[in-house]
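Since the structure comes first, as structure tokens, the remarks are kept for the end.
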Amino acid sequence: MLKIEGLVTGYGSIKALKGIDLEVPAGSIVSLIGANGAGKTTAMKSLSGLLKPESGRIIYKGKQIQGLAPHKIVSLGISLVPEGRNILSQMTILENLEMGAYQRKDGQVAADLRSVFNRFPVLEERKNQLGGTLSGGQQQMLAIGRAMMAKPDLLLLDEPSMGLAPMVVADIFKVIKEINQEGATVLLVEQNVRQALKIAHYAYVLETGKIVYNGTAEEVAANPRVKEAYLGGSKTTV
Amino acid sequence: MFWQQLVNGLTLGSTYSLIALGYTLIMGVLNIVNMAHGEIFMFGAFVGLLLVTHLKVNIFVAMLGAALTGAILGIILERVALRPLRRKAVSHLAPLISTIGVSIFLESVALKLFGPQSRDFPSSFTAAFEFGPMRISLVQIFILAVSFSLMLVLRFWLAKTKIGKALRATAENIETANLLGVNTNKIIVLTVSLASALGSVAGVLVGLSFNAVEPTMGITMGLKGLAVLILGGMGNITGAMLGGLILGIAEVFSVAYGNSSYRDAVAFGMIIVILFIRPQGLFGSRDQQGGK
């Protein structure tokens, strides 16, 4: 569904991505893991149109999409839940969700709103409150719900577990798995490698702008180097 | 006396509010001060005046013409002075300077086109009504009706419509709005033209109320609009509306109960006092200046 070939993105003379190749098959969860500063967020920004790649190609459903504006990429069926969630704090929860469906013209928006509320009942209880009043975990639920309101074929998630309590993280990952089972393809960027590898089908390890290792989630989890660097020593198994 | 002055103050203040709303919308979405807003206001006044005096259209058509001219000027302003500077590594003061350039240009064009002399509207609005001790002129009723309905419509539009919500989302976080599928460039053009159209209508209203339209009228009124923008809390719509009314009432009362030559001193002195107490403005929040 999504194929990245030789993607280079930089900030001025600093290249955050030094030519990465990555493939996301339709219906899968692919996880992009790596330490802080490895270039994970840069990859997500390049995919969603916030950053223009310097070279390389991003092919989505057979079409090249690199360098398109973010709103054009949304209209192709790709939604990003950005790092830090970016809730519109001065707008109500309902308005945040409505903004998620901004480009939709089909009649299914009300039904999708219903299913977001069923998945996250707390959002319905507080739908008329401002987005800024939510806790971190609730904001993440709202951010995911808002992205789902666009009915994306490909959901990009940038660090959904960041800053959340372990209980909440488990909930969020459960929801991501459900969303995938309901048909959306997911590309997940995570520092929480253990959790990410639990739900992913494939994984790519990014280190200082390059993919150093990739394979099925089991293969990546079994890799001694990944164990050492990301899973807290070789004794631990996933 | 008190009620009469209150009505006078509200009338004047409602035009300030309209002008300040233009600054506020642009500040909210683009985080810049549009220094050409006063001159667009002045152009609106002239277009309205010329439509009434030369084409003999009624005042509503004249306001529509002024609004349309303002909107077009706004679109040109965005293309010429704002868009080229966006997303480039320029100082955040650059758009301020470029809009000052546009304001000087517009004022010079107005001097050339319309001449330096002050002009007035034909006196077809001098009728007045007595309400007990109050005497309210038709012009005042007209100004109050137009500016308050425009403010109400704007509030409703921002709160309830899809585009209005997209504008608010863009004002809060342009990147997020873009990621949600909003074409933020279009929203910016819409914002600048809407702000300029409101400013132009305010120009016609002020021209009617002072019965004077001249190329330099944009400077003083522009400064008052700016003061209201700061008083209300940068980028806050409610703040701009109330701030304008407060400034208008303060001016009128300082004339009525004091000395007319201290009018601006009293009004701006009051703004300074309010800002001492609430540095973020009446409705601004400390961490959210400029609508961010």
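The numbers here are math on the coordinates, done by the rules we state, and not lab data. Remember, predicted model here, so these are calculated numbers, not experimental data. Cβ sites come from the backbone with ideal geometry, for glycine too, and all protein chains shown count toward neighbours.
Take every DSSP beta bridge whose two residues both sit in the protein assembly as shown, then give the antiparallel share in percent to the nearest 5. Provide the component values of the computation, followed by the final result.
Details: 27 of 45 bridges.
Around 60 percent of the beta bridges assigned by DSSP in the protein assembly as shown are antiparallel ones.
Take peptide A:68-75, look around each residue's Cβ out to 10 angstrom, count Cβ atoms belonging to other protein chains, and average those counts.
Partner Cβ neighbours, averaged per residue: 5.
Give the Rg (one decimal place) followed by the Dmax (whole number) of region B:2-291, computed from C-alpha coordinates and expressed in Å.
Values for region B:2-291 (Cα only, Rg and Dmax): 18.6, 62 Å.
Normalising by the residue count of region B:160-281, find the relative contact order in percent from Cα pairs under 8 Å and 6+ residues apart. Don't jump to the answer; show the numbers that get you there.
Details: 70 pairs, mean separation 18.2, N = 122.
With pairs under 8 Å counted, the relative contact order is 15 percent.
With contacts defined as alpha carbon pairs under 8 Å and 6 or more residues apart, what's the relative contact order of chain B in percent?
Numbers: 497 pairs, mean separation 111.0, N = 292.
Computed over chain B, the figure is 38 percent.
Hey, which of these cross-link pairs are over 26 Å Cα-Cα: A:15/B:186; B:162/B:224; A:40/A:174; B:56/B:112?
Long pairs (Cα-Cα over 26 Å): A:15/B:186; B:162/B:224.
Kindly write out, for region A:105-113 in residue order, the coupling ³J(HN,Hα) from the Karplus curve 6.51 cos²θ - 1.76 cosθ + 1.60 (θ = phi - 60°), rounded to whole Hz, with x marking Gly and Pro.
Ordered by residue, 3J(HN,Hα) equals 10, 7, x, 8, 4, 4, 5, 5, 4 Hz.
What FRET efficiency comes out for the pair residue A:72/residue B:89, r = Cβ-Cβ distance, R0 = 22 Å, nearest 0.05?
E(calc), rounded to 0.05, equals 0.35.
Among the GluC sites (Glu not before Pro) in region A:138-238, which ones are in a DSSP loop with at most 12 other Cβ atoms within 10 Å of the Cβ? Mind listing them?
A:182
How many nm is it between the label spots at residue A:103 and residue A:28, if each spot is 7 Å from the Cα in line with the beta carbon?
Reported label-point gap for residue A:103 and residue A:28 is 2.5 nm.
Once you've got the GNM for chain A with C-alpha springs shorter than 10 Å, pick whichever of A:163, A:12, A:27 has the biggest mean-square fluctuation.
For chain A, modelled as a Gaussian network with Cα springs under 10 Å, the answer is A:12.
Say we join alpha carbon atoms closer than 10 Å with springs in a Gaussian network model of chain A; which of A:165, A:147, A:196 then has the biggest fluctuation?
The residue that fluctuates most here is A:165.
With each run of n ≥ 4 DSSP H residues scored as -39500 (n - 2.57), what mean residue ellipticity at 222 nm is computed for chain B after dividing by its residue count and rounding to the nearest 500 deg cm²/dmol? Write down the numbers at each step before the final one.
Details: 11 runs with 205 residues, N = 292.
Helix contribution divided over all residues of chain B: -24000 deg cm²/dmol.
Can you sort B:241, A:162, A:149 by how many other beta carbons sit within 10 Å, fewest first?
Details: B:241 27, A:162 15, A:149 23.
Least crowded to most crowded, the residues run A:162, A:149, B:241.
Enumerate the aspartates and glutamates that residue A:210 could reach by cross-link, defined here as Cα to Cα under 17 Å, with residues fewer than 8 away along the same chain left out.
Once the sequence-local aspartates and glutamates are set aside, what remains near residue A:210 is A:5, A:21, A:23, A:54, A:190.
Of A:18/A:198; A:3/A:52; A:63/B:165, which ones are farther than 22 Å apart at the Cα?
Check vs 22 Å cut-off fails for A:18/A:198; A:63/B:165.
So if I take the centroid of the Cα atoms in region B:218-281 and the same for region B:157-203, what is the distance between those two points in Å?
26
Going by how many other beta carbons lie within 10 Å of each one, how would you line up A:112, A:106, fewest first?
Fewest-to-most Cβ neighbours within 10 Å comes out as A:106, A:112.
Under a 10 Å cutoff between Cα atoms, tell me which one of B:111, B:77, B:68 has the largest fluctuation in the Gaussian network model of chain B.
Taking springs between Cα atoms under 10 Å, the residue moving most is B:111.
Relative contact order for region B:109-179: what percent, with Cα pairs under 8 Å and sequence separation of 6 or more? Display every interim value, and only then the final one.
Working: 29 pairs, mean separation 8.9, N = 71.
Normalised by residue count, the contact order of region B:109-179 is 13 percent.
Using just the helices of chain A, give the 222 nm mean residue ellipticity in deg cm²/dmol: DSSP H runs with n ≥ 4 each add -39,500 (n - 2.57), and the total is spread over all residues, rounded to 500.
-10500 deg cm²/dmol
Among B:191, A:216, which comes first, second and so on when ranked by fewest other beta-carbon atoms within 10 Å?
Placing the least packed residue first, the sequence is A:216, B:191.
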